[in-house]
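Below: one structure, written as structure tokens.
The values are calculated or read from the model by the stated rules, or taken from the named source; none is laboratory data. Not measured: the values here are computed from a predicted model. Backbone-built Cβ (ideal geometry, glycine too); neighbour counts: all protein chains shown. Ligands, DNA and RNA are excluded from the accessible area calculation, which covers all protein heavy atoms including side chains. Shrake-Rupley method; radii C 1.70, N 1.55, O 1.52, S 1.80 Å.
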Amino acid sequence: MVPGTTRPLRVAVLARSVYPMHAYGGLERHVHDLVRCLLAREVRVTLVTPPARRSRPIDPAADAVFRDPRLTLVPVPYQTFPFAGRRGTTILDRSTAYPWFGWRAGRVAARLAEAGTIDLVHGLGASALGYALAPPAGTRRVPFVFNPQGLEEFGATDPGRARLKRVGYWPLRLAVRACARAADRVIATDRALVAPVLAHLPIAPDVVRVIPNAIELAESDRPDAPARGASLRAELGLGPTDVLLLSVGRLEANKGFGDLVRALATLAADGPLAACNWRWVLVGDGPMRSQLQSAVAALGLGAHVRLSGRADDRDLHAWYEAATLFVHPTLYEGSSLVTLEAMAHRRAVVATRAGGLPDKIAPGINGWLVPPGDVAALGRAIGDALSDTERLASMGWEGRKIVEREFSW
């Protein structure tokens, strides 16, 4: 309710992408769950986002959010410019089409505020640019909460192309800074990200609030997941004590999967993987798929590696159940919902000390943290984890406690 009234709070949520309308990623899942949880608390939500991709298969359970009568969907086209590449997947697209979408979506929010039909604007990334640059005047302006998400445009995700990326992301950085400057509150999704938020955005410390991205534990606790996980292990020829390493993410350079391939090759040649039956399963798809396949083949790991592509929710949660250890070798990260999902499934984690991961992984308690891009350190951490697999169960339970305490919707 709006304070001092009996009227429900009315929030405009602005996002360039939401699951299952557009894609399956951290941002998309976060927006979907945010809207779902607001609706469950009797908040009236106006979701300003691009029209659904008609070719995208719809998950009936996830699609239920969009049938809720308390939700108003306002489509704003996301216009990809010539030569900018696929929507949302290239630097050029993110620095041209994304700010333009943000201008148009933000202007929609401004008109809703002027009409008195919303009480608050919640913008993710550059999606509220039009509200930031041209808000309604005087009392028509409503509070603006800004979530910059992972700040990828401010941090090089591929050291070899850092300068090129910094130049390419310049327009998007301007848009994000404009949103932050206009915001009443700016969200840092992890304690570890407060310093980068303050370093990159023109805001005072008292404007920042730490509100973690979260997961829905009921999704992780699917009753059929353990049996399905056991079936997946059997399909791979793995017995109960054999090793299944699992990674989940978009196949692109900044996820560090190439580093993991090299680390696994070393462990398989002269390490704990040399003397056991093991598999590495990578769930996800993206532009690096062919390069990863070539690297796996060149290093002689083909018999041990499965690039499984995208997975629906049922299979994804079954893969977590099937895993011995979750490995997230990312070079750059925002919050990492996949790591939280692995922890919710009581899996110990080897990850890099990137983005918000230090808020989730307590070394020696529920996993290991290594420097991003350090192949040798990544290999040592995986080797340490596999040297005493009996302790992985207790570490997994500690991870579950962390999720329940700090990262559950």
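Within the set of pairs 6 or more residues apart or between chains, which connect a residue that is touching a residue at least 60 places away in the same chain (Cβ under 8 Å) and part of a strand (DSSP E or B) inside the stretch 1-18 to a residue that is surrounded by 19 or more Cβ atoms within 10 Å (Cβ to Cβ) and among the polar types (S, T, N, Q) with Cβ atoms less than 7 Å apart?
Here the result reads 12/46; 14/127, each pair linking the stretch 1-18 to a residue that is surrounded by 19 or more Cβ atoms within 10 Å (Cβ to Cβ) and among the polar types (S, T, N, Q).
Cβ-Cβ under 9 Å, sequence separation 6+ or interchain: first residue in the stretch 130-155 and without any contact (Cβ under 8 Å) to a residue 40 or more places away in the chain and surrounded by 21 or more Cβ atoms within 10 Å (Cβ to Cβ), partner assigned to a helix (DSSP H, G or I) and of a type in the set (Val, Ile, Thr). Which pairs?
Matching pairs, first to second residue: 130/108.
Among 365, 361, which is the only one that is among the β-branched types (Val, Ile, Thr), open to solvent by less than 60 Å² (accessible area, probe 1.4 Å) and either in contact with a strand residue (DSSP E or B) (Cβ under 8 Å, 6 or more places away or on another chain) or part of a loop (DSSP other than H, G, I, E, B) (or both)?
361
Looking only at the stretch 329-345, which residues are assigned to a helix (DSSP H, G or I) and open to solvent by less than 10 Å² (accessible area, probe 1.4 Å)?
Scanning the stretch 329-345 gives 339, 340, 342, 343, 344.
Of all residues in the stretch 346-358 being touching a strand residue (DSSP E or B) at 6+ places or on another chain (Cβ under 6 Å) and in a loop (DSSP other than H, G, I, E, B), which is nearest to residue 192 (Cα to Cα)?
Taking the candidates together, the pick is 353.
Looking at the stretch 373-409, which of its residues are touching a Cys at 6+ places or on another chain (Cβ under 9 Å) and open to solvent by 60 Å² or more (accessible area, probe 1.4 Å)?
Answer for the stretch 373-409, where residues must be touching a Cys at 6+ places or on another chain (Cβ under 9 Å) and open to solvent by 60 Å² or more (accessible area, probe 1.4 Å): just 409.
Does the stretch 167-183 hold any residues that are in a loop (DSSP other than H, G, I, E, B) and within 14 Å of residue 124 (Cα to Cα), and which are they?
183, the sole residue that qualifies.
Considering only the stretch 273-294, state which residues are out of contact with any strand residue (DSSP E or B) (no Cβ under 8 Å at 6 or more places or on another chain) and more than 23 Å from residue 372 (Cβ to Cβ).
Of everything in the stretch 273-294, those that are out of contact with any strand residue (DSSP E or B) (no Cβ under 8 Å at 6 or more places or on another chain) and more than 23 Å from residue 372 (Cβ to Cβ) turn out to be 274, 275, 290.
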